[in-house]
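See below for the structure under consideration.
The values are calculated or read from the model by the stated rules, or taken from the named source; none is laboratory data. Note that this is a predicted model, so its numbers are computed, not measured. Counting neighbours? That spans all protein chains shown, and the Cβs are built from the backbone with ideal geometry, glycine included. When the accessible area is computed, the model is the full protein with side chains, heavy atoms only, and any ligands, DNA or RNA have been set aside. Shrake-Rupley method; radii C 1.70, N 1.55, O 1.52, S 1.80 Å.
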Amino acid sequence: MKKIFVLTLIAVSFFALNAQQKQITKFAVVDTQRIYNTFKQNSTISRDYEEKKKRYQKEIEDLSEEIMDLRKKKLQAENAGDSFEVASLTEAISAKTAFLKEFSKAKNDELSHIKSQLNDDKFYASLYDVIRRIAIKEGYSMVLSLQD
């Protein structure tokens with residue numbers, strides 16, 4: 001009789017522990033910003049965007065330096081009293097400045113278009129879908145974003 005009581009007590013304890021174990025809430029914390037940054041680094045569109053951005057910035061800096069050099073030459077020509085050279089350099093400065101403005105605008109528009117193709121909303125929607133599926137599969141009750 002004692003053996004049956006002890007076995008029953010052990011069985012009840014085992015089921016109670018098992019029931020308690022199933023009631024434990026599992027939490028997960030996901031760093032979505034880090035995932036997004038990693039994705040962006042490996043994305044072809046993102047790499048293309050970054051490469052073009054650097055190249056365009058370099059070209060803009062080069063054009064700005066040319067304009068600065070022309071302004072220095074103009075100042076030297078003014079000090080030398082060479083009015084023909086001053087007029088010529090003034091025209092060149094105006095033309096290069098106008099070109100720089102148009103070039104900057106065109107390249108910024110192109111970069112904006114490329115950046116819009118990255119479409120953060122689509123990425124996050126698919127990311128949250130994957131997180132949801134993993135949470136269900138692994139038995140997580142709640143998944144929190146590190147940023148929130």
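Numbers at a glance
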| quantity | calculated |
| --- | --- |
| From the options A28, A16, residue that is modelled with pLDDT under 70, open to solvent by less than 100 Å² (accessible area, probe 1.4 Å) and closer than 30 Å to L144 by Cα | A16 |
| Some residue of region 108-119 being of a type in the set (S, T, Y), touching a helix residue (DSSP H, G or I) at 6+ places or on another chain (Cβ under 8 Å) and in a helix (DSSP H, G or I) | no |
| Verdict on S116 being small (G, A, S), modelled with pLDDT under 80 and over 29 Å from Y56 (Cβ atoms) | no |
| Odd one out for Q41 among (1) open to solvent by 70 Å² or more (accessible area, probe 1.4 Å); (2) at pLDDT 90 or above | (2) |
| Number of positions in region 97-124 that are open to solvent by less than 70 Å² (accessible area, probe 1.4 Å) and not small (G, A, S) | 12 |
| Count - residues of region 46-90 that are open to solvent by 70 Å² or more (accessible area, probe 1.4 Å) and either in contact (Cβ under 8 Å) with a residue 40 or more places away in the chain or of a type in the set (A, V, I, L, M) (or both) | 4 |
